[in-house]
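First up is the structure itself, then whatever we jot down about it.
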Amino acid sequence: MAHWRLSLLFGSAVLWTTLIPCSAFPTGAPASACESMLPVHTGAQPQQTRAPYEFLVSSPSFLNGQPINIQILGPAYRGLLLEARSFGSNTALGSWKTPPNNTKFLQCSGNPHGAVTHSNTNLKTRQTTYTWLPPNSGCPRVVMFMATVAQSHEIYWINVRSKVIWKNPKATCGAEMLTRTWPTAALLSLLLLILLVYF
């Protein structure tokens, strides 16, 4: 009898530890995934094959104040973490407008609207459209969209990237930084020249 109870207890423990990781984060990626974009899917590794997804981006360039629409083309998916980034940075850039059905905002890089993630495991399709707004200041020259896309707990791809989009020449979201930087640089150069001449 004791042996039977021990077996039942062990079986229950195995079943419990097996089921818990499978649930992972069915209501969205955690904030801890913002930088690495790695989902916390215990016992599952990212797919090593090329992702069957690509981005459809509504414009090849961005202008502050002008929204950009993004769709993820490919098979239907259940899980998502979507951010805009500049090259060499793991900081979420800009902000997202009201997320489509079955998705929600995720606070990344201190921005409450810095990323979009799934809000449930309902299927999302290529018709699902995400809308991004460039930042009002400090724009980089180029931006790309990055995503982790999950078909299931076990099957997901990381580092799914769009082609880059360029800052429109009419964009003013970098003007403030340039205005402040150039006079300072010119002043330092002038001071250095004076020091070299008189000393």
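Bear in mind that the values in this text are calculations on the coordinates, not laboratory data. Here the structure is a predicted model, which is why all the values come from computation and not from measurement. Neighbour counts are summed over all protein chains in view; Cβ atoms, including those assigned to glycine, are modelled from backbone coordinates with ideal geometry.
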inquiry  = Filter Lys97/Lys124; Lys104/Lys163; Lys124/Lys170 down to the pairs with a C-alpha to C-alpha distance above 26 Å, please.
reply    = Lys124/Lys170
ask   = Amide H of Ser95: which non-local residues (sequence gap of 5 or more, or other chain) have their own amide H closer than 5 Å, using H built in the peptide plane?
value = Leu133
query = What shape does region 76-124 have by the C-alpha gyration tensor, where a ≥ b ≥ c are the square roots of the eigenvalues, rounded means a/c under 1.5, and otherwise prolate means a/b greater than b/c and oblate the rest?
reply = prolate
key: Mean projected area (nm²) of the alpha-carbon convex hull when region 50-94 is viewed from all directions   = 4.3 nm²
task = Could you work out, for region 86-176, what percent of all Cα-Cα pairs fall into each 5 Å distance bin, beginning at 0 Å and stopping at the bin that holds the largest distance?
result = 3, 12, 20, 24, 20, 12, 6, 3, 1, 0
ask   = Using 14 Å as the cut-off for backbone N distance, which residues of region 55-87 belong to the label zone defined by a point 7 Å from the Cα of Thr129 along Cα→Cβ?
value = 56-59, 67-72
query = For the residue pair Thr172 and Leu73, what label-to-label distance in nm results when each label sits 7 Å from Cα along the Cα-to-beta-carbon direction?
reply = 3.5 nm
request  = Using only the C-alpha atoms of region 21-123, find the volume of their convex hull and express it per residue in Å³.
outcome  = 123 Å³
message = Taking 2.2 N^0.38 Å as the expected size of a compact globular protein, what ratio does the Cα radius of gyration of region 120-161 give against it, to two decimals?
response = 1.53
task = Work out from phi, with θ = phi - 60° and the Karplus expression 6.51 cos²θ - 1.76 cosθ + 1.60, the ³J(HN,Hα) of each residue of region 99-108, listed in order in whole Hz, and give x for Gly and Pro.
result = x, x, 3, 6, 9, 7, 6, 10, 6, 9
